[in-house]
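The structure appears right after this line, and notes come after that.
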Amino acid sequence: MKLLEYMGKELFKKYNIPVPQGGIAATTDEAGNVAADLNEAVVKSQILSGKRGKAGGIKFVSGVDEAKNAASDLLGKDLKGFKVETVLVEEKLAIEKEFYLAITLDGSKRKPIILASAEGGMDIEDVPEDKMIRYAVSVNLGVQPYLGKDIADKLGLSGDLVKQFTKILINLYRMFEELDAELVEINPLVIASGNLIAADSKVTIDDDALYRHKDLPLVEERTEAEQKAHKLGLSYVELDGDIAIMANGAGITMATLDIIQHYGGQPSNFLDAGGGASVEATAKALEILLATDPKVILINIFGGITRCDDVANAFVTVNKDQEIPVPVVIRLVGTNEDQGIALLKEYGIEAYRTMDDAAKKAVQLAKQ
């Protein structure tokens, strides 16, 4: 279970990890009341998504009126598939330097691992490998002060900042351990006015351990589209790209996402339509995909129990009944693939036999 930023910061405070002064607001008046105690502030939409700033979900303000206006703009807004129900109003920090710090699980080592970098403020995927510090933690020893000092030295910290960093790291690990977390992340951990402060938080708790933490809030992680797909029995996750994906199985769907990225494209979702290929199921899946406004739809079917001619029939029927305003690339292989490809060809729809060719075509269309 992922927690909202303000929830993570409330936990940080309990574990003596410094966070900016501020508070949560669900109305414009509440936002104004919090901002009244601050000089300059930042109003941050509280949704379970990154890159909120680029999406317009973070606003810098000065004074009560500007804070109210910012809250008014954000509250109730649909942002990256989530409805903004609360905003976090915090003091604006005079940031001197940004760092990355996180603790997560390393499945291959079967140990917690500390990740740290002087390249803070970036997504972890964007941090060059040679700029990332990694330490596997012994669950018997935990995080000792010497480890904090060693990492602080590698980050270029000195003086009192080393002590501050060591304390934060020890407390972060204690939080990670006691709350059965899968991830605790501070990005960025900043130097402001000579102190280290957690300017953001990302906390994920192991779902299977929630029964041990009745005091934690329950957070609905699905977007509106994800909730709709869940009700239909479809496995669906929204991503940030522009090529919509539909495949029949978790493995082939993941492989499709990988090959799209290999050829320079960006998937907009993960949609595993499962073994059913009825007209109704196909229509509902396409409706969900079209609602995300993709540039291209890629349908990748490996016919086993699902026959390729059934998939082709379903798509032809849907294509007749509703307008599909974007290009659709279809790959069919497996049971009755010749019949399926021939049927699509009758209606002027080209189908591909290899995932490689289909992915190349989808990326090419998306870039046009």
Within region 41-61, restricting attention to residues that are at pLDDT 95 or above and small (Gly, Ala, Ser), which residue is nearest to the chain's Cα centre (by Cα)? 45
Of (1) in a helix (DSSP H, G or I); (2) under 30 Å from residue 66 (Cβ atoms), residue 168 satisfies all except one. Which? (2)
Would you check if residue 314 is among the small types (Gly, Ala, Ser) and closer than 17 Å to residue 252 by Cβ? no
When (1) at pLDDT 90 or above; (2) within 18 Å of residue 233 (Cα to Cα) are applied to residue 281, the one that fails is (1)
By residue number, the members of region 179-230 that are closer than 21 Å to residue 152 by Cα, within 16 Å of the chain's Cα centre (by Cα) and of a type in the set (Ser, Thr, Tyr) are 201
Considering every residue within region 92-106, establish whether at least one is more than 30 Å from residue 136 (Cβ to Cβ) and of a type in the set (D, E, K, R). yes
Region 203-219 residues that are over 18 Å from residue 9 (Cβ atoms), paired with ones that are modelled with pLDDT of 90 or more and surrounded by 12 or more Cβ atoms within 10 Å (Cβ to Cβ) (beta carbon under 6 Å, 6 or more apart): 206/180; 206/182; 209/180
Would you say residue 358 is buried (at least 19 other Cβ atoms within 10 Å of the Cβ), under 22 Å from residue 234 (Cα atoms), outside the structural domain of residue 80 (by TED's automatic domain parsing) and of a type in the set (Gly, Ala, Ser)? no
Among the listed residues 239, 232, identify the single one that is under 26 Å from residue 305 (Cα atoms) and modelled with pLDDT under 90. 232
Quick one: in region 99-120, of everything that is touching a residue at least 24 places away in the same chain (Cβ under 8 Å) and surrounded by fewer than 18 Cβ atoms within 10 Å (Cβ to Cβ), which residue is nearest to residue 6 (Cα to Cα)? 104
Sort through 328, 296, 333 and tell me the only one that's of a type in the set (A, V, I, L, M, F, W, C), surrounded by 18 or more Cβ atoms within 10 Å (Cβ to Cβ) and more than 16 Å from residue 267 (Cβ to Cβ). 333
In contact with an Asp or Glu (Cβ under 9 Å, 6 or more places away or on another chain) and touching a residue at least 40 places away in the same chain (Cβ under 8 Å) - does that describe any residue in region 149-158? no
Would you confirm whether or not region 181-199 contains a residue that is in contact with a His (Cβ under 7 Å, 6 or more places away or on another chain), touching a residue at least 12 places away in the same chain (Cβ under 8 Å) and not in a helix (DSSP H, G or I)? no
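Results for (1) over 21 Å from residue 209 (Cα atoms); (2) surrounded by 21 or more Cβ atoms within 10 Å (Cβ to Cβ); (3) among the hydrophobic types (A, V, I, L, M, F, W, C), shown as yes or no for each residue.
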{"residue": "125", "(1), (2), (3)": "yes, no, no"}
{"residue": "133", "(1), (2), (3)": "yes, no, yes"}
{"residue": "169", "(1), (2), (3)": "yes, yes, yes"}
{"residue": "177", "(1), (2), (3)": "no, no, no"}
Restricting attention to region 335-368, the residues that are of a type in the set (Asp, Glu) and farther than 13 Å from residue 256 by Cα number exactly 4
Condition check for residue 138: exposed (fewer than 10 other Cβ atoms within 10 Å of the Cβ) and polar (S, T, N, Q): no
Given the residues 5, 91, 30, 40, which is the only one that is touching a Ser or Thr at 6+ places or on another chain (Cβ under 7 Å), farther than 30 Å from residue 180 by Cβ and either among the charged types (D, E, K, R) or touching a residue at least 12 places away in the same chain (Cβ under 8 Å) (or both)? 40
Restricting the search to region 268-322, which residues are of a type in the set (Val, Ile, Thr) and part of a helix (DSSP H, G or I)? 279, 282, 288, 311, 316, 317, 318
Contact list please: Cβ distance under 7 Å, first residue in region 229-255 and part of a helix (DSSP H, G or I), second residue of a type in the set (Ser, Thr, Tyr), pairs at least six apart or on different chains. 229/236; 250/235
Would you tally the residues in region 11-36 being touching a Leu at 6+ places or on another chain (Cβ under 9 Å) and of a type outside the set (A, V, I, L, M, F, W, C)? 8
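The values are calculated or read from the model by the stated rules, or taken from the named source; none is laboratory data. These figures come from a predicted structure and were not determined experimentally. When we count neighbours, we look across all protein chains shown, and the Cβ atoms used for this are built from the backbone with ideal geometry, even at glycine.
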